[in-house]
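Presented below is the structure to which this report refers.
Values in this text are rule-based calculations from the coordinates and carry no lab data. Nothing here was measured: the structure is a model prediction, and the numbers come from that model. For neighbour counting, all protein chains shown are included, and Cβ atoms are generated from backbone atoms with ideal geometry for every residue, glycine included.
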Amino acid sequence: MNAQIQEYAKRLKLSWIREHYHELEASSNENYLLQLFEKEIEQREERKVNLLLTQATLPKASGNPFDWKDIVLTAGMDKEDLLNGTFIEQQENLIFYGGVGTGKTYLASLIGLNAIQKYGRPIKFYTVASLVNKLLEANEKGNLNKLFKQIEKLDLLILDELGYIPLHKQGAELLFQVIAMCYETKSIIITTNLQFGQWNHIFGDPILTEAVIDRLIHHSHLIVFKGDSHRYKESIIQS
Ligand SMILES: Nc1ncnc2c1ncn2[C@@H]1O[C@H](COP(=O)(O)OP(=O)(O)O)[C@@H](O)[C@H]1O
Ligand SMILES: [Mg+2]
């Protein structure tokens, strides 16, 4: 390989070209250049998707095809809209409500995966408990702004498992700040096993609860997961 070409490619940050420029065969100069650009762009997009996937921390999916039988969508929304993340373009929220093992986390992850792979969107998956812990820790260390800035860069925030544990006062307030920050500027998917009427038990304060619900349900779609637990089904199949 030509050292000078490699050096220039390095300075221009053309990493595919730097390593592989000599591998291409072309019918003309123009065709050669075209192929170089195509390969470089392809590699950059691949790297971007990998980085977004790493940052998103989505849970590992089982790979089962998603069963829509017991999923009740709001009027005017279909499976394709959901999977393609049309709601993200409109800065709308999704509320996934249903029992354990009905596919809430799974569907949220599939939507997140599509948003990254098809549209290159920055997203982040947190369980509510892990986000609240992170917020409390950041607050204690004086890093809250840094964490807020990371969240501000997202198109979609997935908050999984609201309702499994009640939040302490400060945790609840910090979570509200995140939800308020996302209001009308980005999308949230929130999964929960509790009806709105019971959210008071999580946030511990009726005024705060009302403020949270208000921000979340304005511009939102409620999706109800009515099935039996797939975990139970899977464990029966496995045993
Ligand atoms: N509707 C579904 N279609 C296909 N698999 C499902 C569905 N719901 C659940 N599963 C399977 O059960 C596992 C547990 O589902 P999960 O999404 O974690 O449930 P939830 O978050 O509602 O408690 C998933 O990883 C998946 O393998
Ligand atoms: Mg879940």
Next item on the list: Name the residue, out of Gly142, Gly103, Gly112, whose mean-square fluctuation peaks in a Gaussian network model built on the chain with Cα pairs under 10 Å.
Entry: Gly142
Margin query: Please state the shape class of segment 3-53: rounded when a/c is under 1.5, otherwise prolate if a/b exceeds b/c and oblate if not, all from the C-alpha gyration tensor.
Written below: oblate
Note to self: Which of Glu30, Glu173, Glu38 ends up with the largest GNM mean-square fluctuation for the chain, with Cα atoms connected below 10 Å?
What the structure shows: Glu30
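How big is the convex hull of the Cα atoms of segment 75-174, per residue, in Å³?
On the way: hull volume 11.4 nm³, N = 100.
Each residue corresponds to 114 Å³ of Cα convex hull volume.
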Check: Using alpha carbons only, how many degrees (0 to 90, rounded to 10) separate the axis of helix 169-182 from the longest principal axis of the chain?
Finding: 50 degrees
Checklist line | Where labels lie 7 Å past Cα in the beta-carbon direction, separation of Trp68 and Gln150 in nm | finding: 3.5 nm
Item checked: Centre separation in Å (Cα based) which lies between segment 130-190 and segment 67-97 -> 22 Å
Item checked: GNM top mover of Ile223, Ile17, Ile189 - the chain, alpha-carbon springs below 10 Å -> Ile17
Note to self: Give the lysines reachable from Lys13 as a straight Cα distance under 22 Å; neighbours fewer than 8 places away on the same chain don't count.
What the structure shows: Lys39, Lys48
Next item on the list: Please list, in chain and number order, the residues 5+ apart from His221 or on another chain whose amide H is under 5 Å from its amide H, with Hs placed from the backbone.
Entry: Asn93, Leu94, Ile95
Note to self: I'd like the antiparallel share, as a percent to the nearest 5, of DSSP beta bridges with both residues in the chain.
What the structure shows: 10 percent
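If R0 is 41 Å, what FRET efficiency do you get for Leu222 and Arg47 from their C-beta distance, rounded to 0.05? Please list the in-between numbers first.
On the way: r = 37 Å, r/R0 = 0.91.
Taking R0 as 41 Å, the efficiency between Leu222 and Arg47 is 0.65.
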